[in-house]
Amino acid sequence: MKHFIVVGVLVIIVAALVSMGLGSIQLMPTQASAQAVPIDNLFGMHVKVISFLFSLIVVFLVYSIVVFRRKKGEEGDGDHFEGHTGLEIAWTIAPLATVLYFSYLGAQALAETRRADPQAMQVNVIGSQWSWRFEYPELGIVSDELRLPANRQVLLKLSSIDVIHSFWVPEFRVKQDALPGANMVKELRITPTLIGDYKVRCAELCGLQHAYMESPVIVMEPAGFDAWVIRQTALPTDPVDRGALWAKQFGCVACHSTDGATIVGPTWQGLSGKQETLTDGTTVTVDADFLHTAIVSPDAQVPQGFAPGIMPKNFGDTLSAEQINDIIAYIESLK
Ligand code: CUA
């Protein structure tokens with residue numbers, strides 16, 4: 001009995017020390033959303049239970065090794081035990097009850113992160129290889145960065161035009177896959193609480209540039225957000241400037257550089273007017289017609305050194321005829 005009291009006290013002390021130690025290191029990134037609060041609380045409780053379990057096992061183990069080690073001159077066998085029904089019932093029921101309790105807490109936290117605010121602002125998030133596009137249907141804005149006013153819930157409707165991507169801003173904690181397919185739109189609710197600059201990362205392996213599929217997420221004062229909305233809804237009058245805007249918003253520049261570097265597709269710098277050799281051996285001069293075909297049916301004429309099947313084939317549907325002309329004007333301006 002004396003041993004159990006000593007071990008019991010040691011378990012409590014070690015558990016408290018481990019729990020304090022783990023609590024003092026920054027295990028999580030900054031907490032920047034209302035949904036992060038229940039998740040972090042749950043995580044904190046797990047850390048406490050983990051500390052207790054660790055200490056329960058390690059203290060018993062080390063105590064037994066030290067106190068019950070074979071002393072000098074001791075040659076006989078140790079005492080023989082035939083099992084203990086009470087102990088076995090206890091160590092079956094206690095973990096079962098703990099796990100059940102945590103599944104209840106988990107369900108509660110999940111419900112909390114999904115609680116809907118009818119005033120939520122909708123943003124459609126469209127993933128594609130390898131960029132994010134953010135559409136604000138109520139505001140008529142399309143953007144390559146996600147700007148959000150602080151302390152207002154946003155309802156993200158996630159989809160993908162090609163493969164599975166995953167929307168993840170670690171500071172908001174919650175995460176959701178973006179799936180291809182018309183009926184596969186997924187929802188995610190976030191209430192940003194901390195003004196600052198974050199980043200959305202793609203958390204699902206989606207091809208060559210997966211690791212670089214990041215976009216800025218900016219949480220702003222509501223007044224600053226309103227000013228941004230006004231700036232965004234005024235379109236430039238020069239087609240070249242508009243083309244540059246579409247190229248950014250629709251993710252073209254994730255694969256086509258404008259400075260001569262090759263990312264995934266041909267660079268746009270000096271492309272217009274260039275003599276291009278295609279994979280079928282023919283040589284063509286890049287003009288507006290060529291660029292138009294390259295945008296709406298990219299596999300029809302693939303330049304040598306590049307692979308077909310990489311560029312999305314639906315830009316003829318997602319871009320209007322004016323937008324395509326603007327993008328061509330922009331490419332032609334990149335000498
Ligand atoms: Cu998109 Cu990884």
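The values are calculated or read from the model by the stated rules, or taken from the named source; none is laboratory data. All figures in this text were calculated on a predicted structure; none of them were measured in a lab. Cβ: placed from backbone, ideal geometry, glycine included. Neighbour counts: every protein chain shown. The protein model used for the area step is the full one, side chains on, heavy atoms only, and it has no ligands, DNA or RNA in it. Shrake-Rupley method; radii C 1.70, N 1.55, O 1.52, S 1.80 Å.
Just a few scattered comments:
- In the range 47-127, the chymotrypsin sites (Phe, Trp or Tyr not before Pro) that fall in loop regions by DSSP, at most 12 other Cβ within 10 Å: Phe68, Phe81
- The GluC sites (Glu not before Pro) found in the range 39-142 that occupy coil by DSSP, while having at most 10 further C-beta atoms within 10 Å, are Glu74, Glu75, Glu82, Glu138.
- Helix-derived mean residue ellipticity, 222 nm - over the chain, DSSP H n ≥ 4, -39500 (n - 2.57), to 500: -13500 deg cm²/dmol
- The HN-Hα couplings worked out from phi for the range 238-248 by the Karplus form 6.51 cos²θ - 1.76 cosθ + 1.60 (θ = phi - 60°) are 7, x, 4, 5, 5, x, 4, 5, 4, 4, 6 Hz, whole numbers, x standing for Gly and Pro.
- Share of Cα-Cα pairs in the range 239-333 lying beyond 21 Å, as whole percent: 23
- For Val47 and Thr85, the difference between the fully extended length at 0.36 nm per residue and the C-alpha to C-alpha distance is 10.6 nm.
- FRET efficiency, 1/(1 + (r/R0)^6) with R0 41 Å, evaluated for Tyr104 and Arg70 via beta carbons: 0.30
- Over every Cα atom in the range 142-200, the radius of gyration and the widest Cα-Cα span, Dmax, amount to 12.0, 34 Å.
- Cα gyration tensor category, rounded, prolate or oblate, for the range 1-79 with a/c compared to 1.5: prolate
- Relative contact order, percent, the range 137-236 [alpha-carbon distance under 8 Å, six or more residues apart]: 33
- Axis angle, to the nearest 10 degrees, between helix 36-67 and the longest C-alpha principal axis of the chain: 40 degrees.
- By the Stokes-Einstein formula, at 0.692 mPa s and 37 °C, the range 121-232 with its Kirkwood radius over alpha-carbon pairs has D equal to 234 µm²/s.
- Pairwise centroid distance, computed over Cα atoms, of the range 123-191 with the range 21-82, Å: 40
- Percent carbon-and-sulfur accessible area, the range 239-333, ignoring ligands, DNA and RNA, probe 1.4 Å: 52
- Listed cross-link partners Lys186/Lys335; Lys248/Lys335; Lys274/Lys313; Lys2/Lys71; Lys48/Lys175 are compared with a 30 Å cut-off, the Cα-Cα value being larger for Lys186/Lys335.
- Of the trypsin sites (Lys or Arg not before Pro) in the range 64-172, those whose Cβ has at most 12 other Cβ within 10 Å and which sit in DSSP loop: Arg69, Arg70, Lys71, Lys72, Arg114, Arg115
- Here the label points at Gln209 and Phe306, each 7 Å from Cα along the C-beta direction, are separated by 1.2 nm in the simple model.
- Relative contact order (percent, whole number), the chain, Cα cutoff 8 Å, 6+ residue spacing: 14
- The Rg/Rh ratio for the chain, using Cα coordinates for both the radius of gyration and the Kirkwood hydrodynamic radius, is 1.19.
- Zone of Asp299's modelled label, taken as backbone nitrogen in the range 155-174 under 19 Å from a point 7 Å along Cα→Cβ: 161-164
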